[in-house]
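Have a look at the structure below, then the notes.
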Amino acid sequence: MNIVLFGPPGAGKGTQAALLKERLGLAHFSTGEEFRRHIANNTVLGQQIRGIVESGALVPDEIVLAVVRAALEAEDYRRGCIFDGFPRTLQQAHALDELLAQLGRTVDAVVTIEVPEDELVRRMLSRGRSDDTEAVIRERLRVYREQTAPVLEYYARQGKLHTVDGNAPIEDVYSSLAELIIPLTATS
Ligand code: AMP
């Protein structure tokens, strides 16, 4: 079972993925967390991407795909994964399909968490991450609309796209997600 949690920055993907992974017994892979770890540890990769992440732009696809490829080779990911914050471009979505196909697997479901933009800004300002200043938040939302939102159409055409209202308390969003996803895992 491979699930993509989709949605704009601040929608709650990371929070919900952490809750769902327990319930579903799947691994959780967040490209954003992976990048923040590299930046905090000042690795070669971290040094390469720090400025990009801090500006709110997207890390180049080749770098993103290298970390995803490495993750999928790890034992933890054999039983399936919840992807959080990936794919964010059409090229990444195509590449994910190819990577999974090589393992005889596919993206089973994509769930997008919808939240109005003023609420996203409010939430991001309150979480206080170093890339969460107002100017950077605006840039990340612009990048989402321009580069990431088109990926929704790609999954919608394949009949894999589901939508959940994310403008609600964490427990309620979790219930909606679980109600949607648990029946899918039972049939796969
Ligand atoms: P996130 O924690 O998902 O909001 O990601 C934080 C930052 O990491 C983003 O603003 C991007 O700079 C970078 N990032 C995370 N995931 C991706 C991705 N799939 N493609 C490109 N850049 C990414």
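Read the figures in this text as sums done on the coordinates, not as results from a lab. All values reported here derive from a predicted model rather than from experimental measurement. We place every Cβ from the backbone using ideal geometry, glycine too, and count neighbours over all the protein chains shown.
Numbers for the structure displayed
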item	result
Those residues of the stretch 37-60 which are in a helix (DSSP H, G or I), within 7 Å of the ligand (Cβ to nearest atom) and buried (at least 17 other Cβ atoms within 10 Å of the Cβ), in sequence order	53
So residue 112, is it more than 9 Å from the ligand (Cβ to nearest atom), within 16 Å of residue 17 (Cβ to Cβ), hydroxyl-bearing (Ser, Thr, Tyr) and out of contact with any His (no Cβ under 7 Å at 6 or more places or on another chain)	yes
Residue match in the stretch 133-145 (condition: in contact with a helix residue (DSSP H, G or I) (Cβ under 8 Å, 6 or more places away or on another chain), more than 14 Å from the ligand (Cβ to nearest atom) and in contact (Cβ under 8 Å) with a residue 12 or more places away in the chain)	yes
Elements of type helices (runs of 4 or more DSSP H) contained in the stretch 85-188, each with 3 or more residues being out of contact with any Gly (no Cβ under 8 Å at 6 or more places or on another chain), among the hydrophobic types (A, V, I, L, M, F, W, C) and within 24 Å of residue 58 (Cβ to Cβ)	90-102, 150-157
Selected residue (only one of 74, 101 is closer than 15 Å to residue 30 by Cα, without any contact (Cβ under 8 Å) to a residue 60 or more places away in the chain and away from the ligand (no atom under 15 Å from the Cβ))	74
Residues that are more than 10 Å from the ligand (Cβ to nearest atom) and touching a helix residue (DSSP H, G or I) at 6+ places or on another chain (Cβ under 7 Å), drawn from the stretch 8-28	12, 15, 16, 19, 20, 23, 24, 27, 28
Residue that is within 15 Å of the ligand (Cβ to nearest atom), closer than 17 Å to residue 34 by Cβ, of a type in the set (D, E, K, R) and surrounded by fewer than 16 Cβ atoms within 10 Å (Cβ to Cβ), where the choices are 69, 88	69
Neighbours by Cβ (under 6 Å, 6+ apart or cross-chain): first from the stretch 20-39, on the phi < 0 side of the Ramachandran plot; second surrounded by fewer than 20 Cβ atoms within 10 Å (Cβ to Cβ) and not in a helix (DSSP H, G or I)	26/80
Those residues of the stretch 1-23 which are in a helix (DSSP H, G or I) and surrounded by fewer than 20 Cβ atoms within 10 Å (Cβ to Cβ), in sequence order	14, 15, 18, 19, 21, 22, 23
